[in-house]
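K.L.:
Please find one structure pasted underneath; my questions will follow.
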Amino acid sequence: MASAAAVSMLPRPPCIHPSPVASSASLLPMCTLPFRRRPLRCSSTAYAVLRDDTALVPISAIGPVNDDKSIFEITLDLSSAPEFVASYTTPGQTVTTSVPSSGLRAAYIEIASAPHSGPQFDLLVKPVPRTTAERLCKLSVGDQVELGAVMGQGLPINDIKEAETVLYFAVAEGLSPIRALIKSGLRNNVSLYYGARNQEAVPLQEELDEWQKTGVNVIKVLTEPVQHPFLRDPSPIVKNPKSTVAVLVGPIDLQQEVKKALTSLGVPVEKIRTIAQWYPNY
């Protein structure tokens with residue numbers, strides 16, 4: 001699976017906004033997350049060097065999370081950078097990330113851990129060649145990462161809490177904000193459509209299985225675009241359009257097709273939130 005653009009090459013972070021205004025300028029590729037083959041390497045060392053609105057923080061754990069190693073989970077220890085922990089308040093926010101002295105542009109990465117879950121950020125990263133994302137995935141426990149501001153307003157938590165039907169669509173590392181939502185406890189009445197090119201590219205399979213056991217309807221889509229199973233017959237799924245919320249994290253065609261289907265059923269456009277990504281394939 002090859003992303004057409006690398007996270008680190010973006011001039012600004014991805015936009016999270018109510019439909020129908022989709023931001024084609026936000027070309028954030030995401031990483032496919034697989035089954036963790038071995039325990040992540042961990043370190044108890046924690047320190048941070050603050051410079052204005054940036055901080056150097058150490059990696060406390062790193063490793064691939066799918067069988068084909070196309071997505072990595074990187075855990076950053078923020079125990080000495082509480083300002084960054086406090087600034088992450090809502091799933092769907094991004095953090096500016098770079099490798100010191102690499103000469104590469106910063107990456108804007110959606111945080112995959114829940115807010116208020118401890119002094120750390122979990123990031124899901126796809127090692128796109130010649131980008132900050134690739135350099136991040138080659139680092140080791142104890143190496144430093146430079147963080148900039150946590151950005152964005154995040155996703156509509158209250159709408160999701162109150163909805164009778166919640167639909168999540170994601171491909172590749174687009175699972176990051178969805179994971180943050182689910183780990184925040186927002187898993188009632190949820191159906192998650194996750195697309196990957198094959199089973200080996202599906203990330204965090206143990207977590208997906210656990211979500212299924214705790215009430216999330218997980219639909220893995222491996223042989224067609226992730227939106228197609230939903231589009232074939234959306235009516236039985238959307239029983240009360242006015243109380244339906246959708247979060248779409250993926251390419252423009254996914255967003256356009258799902259939004260069209262949902263609005264035709266009567267789902268208010270402001271209840272459909274998108275995080276624009278572009279993938280030539282998953």
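The values are calculated or read from the model by the stated rules, or taken from the named source; none is laboratory data. Since we're looking at a predicted model, the values are computed, not measured. Glycine gets a Cβ as well: all are built from the backbone with ideal geometry, and neighbour counts include every protein chain shown. Accessible surface areas use protein heavy atoms only, side chains included; no ligands, DNA or RNA. Shrake-Rupley method; radii C 1.70, N 1.55, O 1.52, S 1.80 Å.
K.L.:
Pick out, in residue order, every one of the trypsin sites (Lys or Arg not before Pro) in the stretch 138-184 that is DSSP loop and has at most 13 other C-beta atoms within 10 Å; say none if there are none.
P.N.:
Lys138
K.L.:
Classify the stretch 178-249 from the C-alpha gyration tensor, please: rounded if a/c falls under 1.5, else prolate or oblate depending on whether a/b exceeds b/c. Let's see the in-between values first.
P.N.:
Working: a/c = 2.05, a/b = 1.14, b/c = 1.80.
It is oblate, given that a/c is not under 1.5 and a/b is not larger than b/c.
K.L.:
Tell me, what % of the accessible area of the stretch 55-115 is carbon and sulfur with a 1.4 angstrom probe? Can you show the working numbers first?
P.N.:
Numbers: 840 of 1640 Å².
Carbon plus sulfur share of accessible area: 51 percent.
K.L.:
Ser235 versus Glu210, label points 7 Å from Cα toward the beta carbon: distance in nm?
P.N.:
Result for the modelled spin labels: 3.9 nm.
K.L.:
Go through 93-104, 185-196 and give me the packing order, highest mean Cβ count within 10 Å leading.
P.N.:
Most protected by this proxy first, the peptides run 185-196, 93-104.
K.L.:
Oh, and also: Test of the criteria: in the stretch 127-225, which GluC sites (Glu not before Pro) are in a DSSP loop and have at most 16 other Cβ atoms within 10 angstrom of their Cβ?
P.N.:
Filter output for the stretch 127-225: Glu164.
K.L.:
For a test of the definition: using alpha carbon positions, the gyration tensor, and the 1.5 limit on a/c, classify the stretch 43-175 as rounded, prolate or oblate.
P.N.:
It is oblate, given that a/c is not under 1.5 and a/b is not larger than b/c.
K.L.:
Further, regarding this structure: Could you pull the accessible area for Asp67 with a 1.4 Å probe, rounded to 10 Å²?
P.N.:
60 Å²
K.L.:
R0 = 41 Å: FRET efficiency of His116 with Leu222, Cβ-based, nearest 0.05?
P.N.:
It comes to 0.75.
K.L.:
Please label the shape of the stretch 212-281 as rounded, prolate or oblate, based on the square roots a ≥ b ≥ c of the eigenvalues of the alpha-carbon gyration tensor (a/c under 1.5 means rounded; beyond that, a/b larger than b/c means prolate, else oblate).
P.N.:
The shape class here is oblate.
K.L.:
Now for a different question. Got a number for carbon plus sulfur as a percent of the stretch 142-242's accessible area, 1.4 Å probe?
P.N.:
Summing carbon and sulfur atoms, their accessible area is 44 percent of the total for the stretch 142-242.
K.L.:
Moving on. For the stretch 144-210, what does the accessible surface come to per residue with a 1.4 Å probe? Please give it in Å². Write out the running numbers ahead of the final one.
P.N.:
Values: 2310 Å² over 67 residues.
I get 35 Å² per residue for this part.
K.L.:
Which cross-chain or sequence-distant (5 or more) residues have an amide H under 5 Å from the amide H of Ala61, H modelled 1.01 Å from N in plane?
P.N.:
Thr75
K.L.:
Quick one: plug the Kirkwood hydrodynamic radius of the stretch 71-112 (C-alpha pairs) into Stokes-Einstein at 10 °C, 1.306 mPa s, and report D in µm²/s.
P.N.:
Answer from the Stokes-Einstein relation: 134 µm²/s.
K.L.:
Here is a further query. Under 24 Å from the Cα of Lys260, which lysines turn up, not counting those fewer than eight places away in the same chain?
P.N.:
Once the sequence-local lysines are set aside, what remains near Lys260 is Lys161, Lys220, Lys239, Lys242, Lys271.
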